[in-house]
Amino acid sequence: MGQLIACATSEGILLASDSRTEFFAPGGEEKFLTINRLIPVGSHAVLASAGAEEGHELCRDFAAFVKDEGLKDIDALKDAAMSFFTGRYDEAMRKMCEKLPVDPLHNMYLVLAGFAADQKEHPARLFIIWNRPQPPKIEFNQVTNIFTLPRRMGLEFKLSQMVAKKAPLAEIAGAAKAAMEKLAGQDAYIGPPFHFLTITAAGVKEV
């Protein structure tokens with residue numbers, strides 16, 4: 001599993017990720033791929049994947065679906081994501097099991113982030129979408145403002161302090177970059193290149 005960092009403020013959202021994901025060759029040996037986990041969906045939303053490569057492929061398919069449907073509102077995107085991933089989940093699991101038996105509890109974790117400028121009180125929205133072994137297989141939960149995957153409680157506490165002090169997104173991005181580099185030095189499953197995006201009223205921007 002790679003590393004995701006999501007932080008929502010009144011100014012906007014910062015999303016950060018590494019690019020390393022593991023896969024198993026036909027002989028069962030573990031290898032690594034480099035992917036960009038942060039996928040824009042429309043002008044003011046991003047879908048991020050962690051875990052199996054198949055989850056990342058589903059994210060790309062969802063981005064294409066959103067473009068075809070012309071979806072923009074973050075709540076509409078969340079509802080569409082639930083239906084889309086529920087419909088595609090079994091197909092993805094069958095594809096994964098063709099390569100190697102997998103534990104379905106630990107294979108798809110997604111973060112859907114979007115900025116709704118018309119919602120003055122809470123414009124920044126974070127949703128966690130994941131799979132579970134028993135129906136309903138796909139669930140979601142809205143996050144207040146901080147989430148890391150895998151969970152890094154120390155980093156989440158640091159970012160929550162920065163949000164409370166109304167730190168600008170640029171400063172939060174700097175903290176996320178430092179954290180990602182440190183984590184990569186400690187965990188072989190986290191690796192560069194690192195990607196950082198902000199979502200504000202102006203849209204999605206790389207930082």
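None of the figures in this text is laboratory data; all of them are computed from the coordinates on show. Remember, it's a predicted structure, so these values are computed and weren't measured experimentally. All Cβ positions, even for glycine, are placed from backbone atoms using ideal geometry, and neighbour counts span all protein chains on display.
Annotations
- GNM remark for the chain: springs join alpha carbons under 10 Å apart, and the peak mean-square fluctuation among GLY55, GLY27, GLY174 falls on GLY27.
- Length-normalised contact order for segment 4-206 - Cα pairs under 8 Å, 6+ apart - percent: 31 percent
- Residue exposure sequence - ARG151, ARG20, ARG132, ARG88 - by fewest surrounding Cβ within 10 Å: ARG151, ARG132, ARG88, ARG20
- Spatially proximal lysines relative to LYS72 (Cα-Cα < 26 Å; intrachain offsets below 8 disregarded): LYS120, LYS137, LYS205
- The listed peptides 71-77, 110-116, ordered by packing as a protection proxy, come out as 110-116, 71-77 (highest mean of other Cβ atoms within 10 Å first).
- Gyration tensor verdict on the chain (Cα atoms; rounded if a/c is under 1.5, prolate if a/b is larger than b/c, oblate otherwise): oblate
- Kyte-Doolittle mean at least -1.0 and Cα axial length at least 27 Å: DSSP H helices in the chain: 74-97
- Anchor LYS165: lysines whose Cα lies under 18 Å away (excluding residues fewer than 8 positions away in-chain): none
- Of the peptides 122-131, 30-39, 185-194, 2-11, the ranking by mean beta-carbon count within 10 Å, highest at the top, reads 2-11, 122-131, 30-39, 185-194.
- Computed per residue of the chain from DSSP H runs no shorter than four, each worth -39500 (n - 2.57), the mean residue ellipticity at 222 nm is -11500 deg cm²/dmol.
- Estimated vicinal HN-Hα couplings, Hz - segment 192-207 in sequence order (Karplus 6.51, -1.76, 1.60; Gly, Pro = x): x, x, 9, 10, 9, 10, 10, 10, 10, 4, 7, x, 8, 9, 7, 10
- For GLY2, the residues whose amide H sits under 5 Å from its own are GLY51, ignoring neighbours fewer than 5 places away on the same chain, with H placed 1.01 Å from N.
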